[in-house]
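The values are calculated or read from the model by the stated rules, or taken from the named source; none is laboratory data. Predicted model, so just to flag it, every value in this text is computed and none were measured. Neighbour counts run over all protein chains shown; Cβ positions are idealised from the backbone, glycine included. These accessible areas exclude ligands, DNA and RNA; they are computed on the full protein's heavy atoms, side chains included. Shrake-Rupley method; radii C 1.70, N 1.55, O 1.52, S 1.80 Å.
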Amino acid sequence: MSRTRTALLAAMALVAGATGTAFAVDPGAAGVAAVPCTVDYKIQNQWSTGFTAAVTVTNNSAAKSSWSLKWSYAGNQKVTSGWNAKLSQSGAAVTAANETYNAQLATGGSVSFGFQGSYSGSNAIPATFTLDGVTCNVDDGGPGGPTDPPDPGGPSNRVDNPYSGAKVYVNPEWSANAAAEPGGSRVANQPTGVWLDRIAAINGAGGKMGLRAHLDEALRQKGSGELVVQFVIYNLPGRDCSALASNGELKADEIGRYKTDYIDPIKAILADPKYASLRIVTTVEIDSLPNLVTNTGSRPTAVPQCDVMKANGNYVKGVGYALNKLGDVPNVYNYVDAGHHGWIGWDDNFGPTATIMKEAATAEGATVNDVHGFITNTANYSALKENNFTINDTVAGKSVRESNWVDWNRYLDELSYAQAFRNQLVSAGFNSNIGMLIDTSRNGWGGAARPTGPGATTSVDTYVDGGRYDRRFNAGNWCNQSGAGLGERPQTSPATGIDAYVWMKPPGESDGSSKAIPNDEGKGFDRMCDPTYTGNPRNNNNMSGALPDAPVSGHWFSAQFRQLMQNAYPPLS
C-alpha cells in the first residue's frame, strides 16, 4: 500500500511546501525520539528573480517568552521584506525574531511568518534551521533515544525539486563514448539518464553496468553534497505498441513478470539504506499512456497492438504498480512520461491524456502522492521554444494553427506545452506542487540552417516553415532525425513550473535501426527508422527524416552524435 501524506501526518508527517520540507513529529508517540522543534518552509510563489515564502515554527520544548529562528542559504537568496517577524540577513545567514505580539511560544505551539526574497540561478531550500540555537527537524537524543537509520519503508524526506542544490549523476559509460568522439569532451561531463530497458539491465547485460554499479558510482560522485541520479523505467508488457524499434521483451499479457521480475527487484535495490542519501529520479514508462489515447479506436492513427494494450489494461496496471512500489522508497522521485506537444497538443488528446494518467496513478495501490511530476519530450526532438512566431499569429488571412506544420495543434513547442499540461494535470487531480521535466538532449536544432527570424508572409506555410527551428518533416517523426542538435544543457528551475531541463535520452544512443538487425533484446525494425520510408497516418505520410546506417535502439550511433554536436543550440564552444 502506498503512503499518502494524510497517513504520514498521523505519525511522522511529511510537511511539504512548494520548495521546502520539514518533519513534524509527535513527541509523545511511543518509540519516537524527541524533536525539539520543527520548521515548515514553503515557497508560495516563485518567478524568475524572486519568490515569497511562508514559514511555520512548532516548539516541542519548554514554553518560550521570545524566540529566534536562524538559517543559511546555499545560494544568493536575499530577504527583501517580511511580515509577522523581524527579519535580518548577514551574507547567507538569516535571522527571524519574534514581534511583541507573537513572542509567546508554548510547548506544542506554533508561529507563522512570511517574507519576500530575491534570487538568481537556483533557489535551494535551507538545509538546517535552529530555534534559539537548537537544531530543528532532527532528534535531540532525548527520551525517545537516538535516531534510527533511514527506513526505506518509512516516511519520505523529499524536497520539492530534487534538482535544487544538487549535482546530477554522470554515467561513466556514456561519458566514455562521448569523450571518444572528436570534440566529444565538450559534453562528456553532462548528466544523462540510465535506461533500464530490460530485466537483464538491472544486474548489467552485455558488459554494461547494472543498477547497483550505477548507484555505487553515484555515491562516489556525490561526495558531501546532494546528488540526483536518473533512471528510466522502461519495460512494460507489450511496450511501445506503436513503434516496433522500441518493442520490449515482455509480451502483452506478461504483467506478472513485469511486477515480480522487473519492478520488484528494482525497488529492492533502490530501497537499500546504503543509497538513502541519493535523490533518485525515475522516469516512468516512456510513450505508454499517451499511446492509449492517440493510437487506439477508430482514429486513423490507431494501431491494433495499442487496442490490445488498452483492452487488457496492462499499461495502466504496470504504471500504477511501478508508481506504488517505487513511491514507497523515501528518496525516489517518480516522474511519469507525458509525451510531447506534437503528440498530445491537440484538443482531443490533451484532456484525455491527463485523465488516463490519473487513472494509472490511482491503479494497483498507487496514489497521486506517488507522482512527483511529469516529463515531456523524452527521447524526442520537439523544439524547446519557437521564438519566430506565436500560436496567435495570422498571415494572409489564416491562423498559424492552419499551417501544415502546426496542423491545428494548440502548442508550438515544449515549454508552452509542458506548462499548460501541468495545469491540466492539476485539474485532473494531481497535487498542485507537481514539477515538470523537459528532455532537451536533442531539440536544439542549431547550425547554419537555424532561422534567424520569421519566414516570408506570402502564406501561412511560408511564414511558419521559414521561421521554425524544428526542421523535421513532421512533428510525428521520432527516429534518429537528420539535422537535429543538442539542446539546452541540463539545468535546474529554468522556468515556471519546470523542475529541470534534463538529458534523459543520452545523445548518441540510437532510436532504432535503419534496417532489420537480429538482436536478443526484443527490439524490432520500424520503418520510421528507414530513411527511404514515405510515412504513415501518424506522421501525415511524410518522409521519415531518419539518418541512415543506424544500429539497434540504445546502441551507440557515432554519426548521430557528431551531427548533434555540430548542430547544438546553444552552440558548443
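Treating only the Cβ of Lys, Arg, Asp and Glu as charged (+1, +1, -1, -1), what charge dipole size does the stretch 261-332 show about its Cα centre? Round to the nearest 20 debye. Walk me through the intermediate numbers first.
Details: 7 positive and 7 negative charges, 28 e Å.
That gives the stretch 261-332 a dipole magnitude of about 140 debye.
Okay, helix-only estimate at 222 nm for the chain: each DSSP H run of n ≥ 4 adds -39500 (n - 2.57), divide by all residues, round to 500 deg cm²/dmol; what do you get?
Numbers: 13 runs with 116 residues, N = 573.
One gets -5500 deg cm²/dmol as the mean residue ellipticity at 222 nm.
Just to check I understand the Karplus step: with θ = phi - 60° and J = 6.51 cos²θ - 1.76 cosθ + 1.60, what whole-Hz values come out for the stretch 175-189, glycine and proline as x?
Listing the rounded values in order: 4, 5, 4, 5, 5, 6, 8, x, x, x, 5, 5, 10, 5, 9 Hz.
So what is the relative contact order for the chain, in percent, with contacts set as C-alpha pairs under 8 Å and at least six apart? Can you show the working numbers first?
Values: 1393 pairs, mean separation 68.2, N = 573.
After rounding, I find 12 percent.
Could you run the Karplus curve 6.51 cos²θ - 1.76 cosθ + 1.60 with θ = phi - 60° over the stretch 439-450 and give me ³J(HN,Hα) per residue in whole Hz, x for Gly and Pro?
With the stated coefficients, the stretch 439-450 comes to 7, 10, 5, 9, 10, x, 6, x, x, 5, 8, 6 Hz.
So what is the accessible area of the stretch 460-559 per residue, in Å², with the probe set to 1.4 Å?
Working: 3530 Å² over 100 residues.
Each residue of the stretch 460-559 exposes 35 Å² on average to a 1.4 Å probe.
Any idea of Leu244's accessible area? Nearest 10 Å², probe 1.4 Å.
Here the residue's solvent-accessible area equals roughly 90 Å².
Computing the accessible area with a 1.4 Å probe over protein heavy atoms, can you report the carbon and sulfur percentage for the stretch 278-378?
Details: 1340 of 2460 Å².
Ligands and nucleic acids excluded, carbon and sulfur give 54 percent.
Taking only protein heavy atoms into account and a 1.4 Å probe, give the accessible area per residue of the stretch 362-431 in Å². Provide the component values of the computation, followed by the final result.
Working: 2540 Å² over 70 residues.
Each residue of the stretch 362-431 exposes 36 Å² on average to a 1.4 Å probe.
Hey, any idea what % of the stretch 167-212's accessible area is carbon plus sulfur with a 1.4 Å probe? Could the numbers behind the result be given before it?
Numbers: 970 of 1930 Å².
C and S fraction of accessible area: 51 percent.
Tell me, how many Å apart are the Cα centres for the stretch 267-337 and for the stretch 30-83?
Taking the Cα centre of each part, the stretch 267-337 and the stretch 30-83 sit 36 Å apart.
Show the residues, 5+ positions off or on another chain, whose built amide H is closer than 5 Å to the amide H of Gly444.
Residues meeting the criterion, in which the H sits 1.01 Å from N, are Gly485, Leu486, Gly487, Tyr569.
Hey, with R₀ at 22 Å, roughly what FRET efficiency would Asp132 and Ala74 work out to, going by the Cβ-Cβ distance, to 0.05?
Values: r = 23 Å, r/R0 = 1.04.
After rounding to 0.05, the efficiency reads 0.45.
Over the stretch 253-312, with the other protein chains present, what is the accessible area per residue in square angstrom, probe 1.4 angstrom? It would help to have the intermediate numbers written out before the result.
Numbers: 2180 Å² over 60 residues.
That works out to 36 Å² for each residue.
Of Ser112, Ala96, Asn392, whose Cα points farthest to the positive end of the dipole of the chain (charges on the beta-carbon: +1 Lys, Arg; -1 Asp, Glu; origin at the Cα centre)?
Highest projection toward the positive end goes to Ala96.
Along the Cα→Cβ direction, 7 angstrom out, place labels at Ala449 and Asn189. What is the inter-label distance in nm?
Here the answer is 3.2 nm between the modelled labels.
Could you please report the charge total around Gly373, scoring K, R as +1 and D, E as -1 over all other residues with beta-carbon less than 12 angstrom from its beta-carbon? Please report the intermediate quantities before stating the final value.
Details: positive: Arg158, Arg422; negative: Asp160, Asp337, Asp370, Asp499.
Cβ neighbours under 12 Å give a net charge of -2.
Taking the Cα-to-Cβ direction at Thr49 and at Ala268 and moving 7 Å from each Cα, how far apart do the two end points lie in nm?
Each label point is offset 7 Å from its Cα along the Cβ direction, giving 5.5 nm.
Convert each backbone phi in the stretch 313-322 into a coupling constant with the Karplus relation 6.51 cos²θ - 1.76 cosθ + 1.60 (shift: θ = phi - 60°), then list the ³J(HN,Hα) values in order as whole Hz, x for Gly and Pro.
Rounded to whole hertz, the list is x, 6, 5, 4, 5, x, 5, x, 5, 4.
Collect residues whose amide H, placed 1.01 Å from N in the peptide plane, falls under 5 Å from the amide H of Glu226; neighbours closer than 5 in sequence don't count.
Lys167
Non-local amide H neighbours of Ser164 (under 5 Å, H modeled in plane, Pro and chain starts lacking H): which ones?
none
Order of 82-88, 544-550 by packing, highest average Cβ count within 10 Å first? Walk me through the intermediate numbers first.
Working: 82-88: 16.4, 544-550: 21.1.
The peptides rank, most packed first, as 544-550, 82-88.
Gap in Å between the Cα centre of the stretch 423-499 and the Cα centre of the stretch 173-243?
A separation of 24 Å, based on Cα centres.
Among residues other than Ser403 whose Cβ falls under 10 Å from its Cβ, what is the net charge (Lys/Arg +1, Asp/Glu -1)?
On the way: positive: Lys398, Arg401, Arg468; negative: Asp393, Glu402, Asp407, Asp461, Asp465.
Summing Lys and Arg as +1 and Asp and Glu as -1 gives -2.
Within a Cβ distance under 15 Å of Leu219, other residues only, what is the Lys/Arg minus Asp/Glu net charge?
On the way: positive: Lys167, Arg212, Arg220, Lys222, Lys274, Arg279; negative: Asp216, Glu217, Glu226, Asp272.
Every neighbour counted, the sum reads +2.
About the Cα centre of the chain, how large is the charge dipole given +1 on each Lys and Arg Cβ and -1 on each Asp and Glu Cβ? Please answer in debye to the nearest 20.
Numbers: 44 positive and 51 negative charges, 140 e Å.
Roughly 680 debye for the chain.
Over the chain, what is the percentage of antiparallel beta bridges among all DSSP beta bridges, to the nearest 5? Display every interim value, and only then the final one.
Working: 51 of 79 bridges.
Counting DSSP beta bridges with both partners in the chain, the antiparallel share is about 65 percent.
Estimate the FRET efficiency between Ser88 and Thr355 by the formula 1/(1 + (r/R0)^6), using the beta-carbon distance for r and 41 Å for R0, to the nearest 0.05. List each step's numbers first, then the result.
On the way: r = 49 Å, r/R0 = 1.20.
Computed FRET efficiency for Ser88 and Thr355: 0.25.
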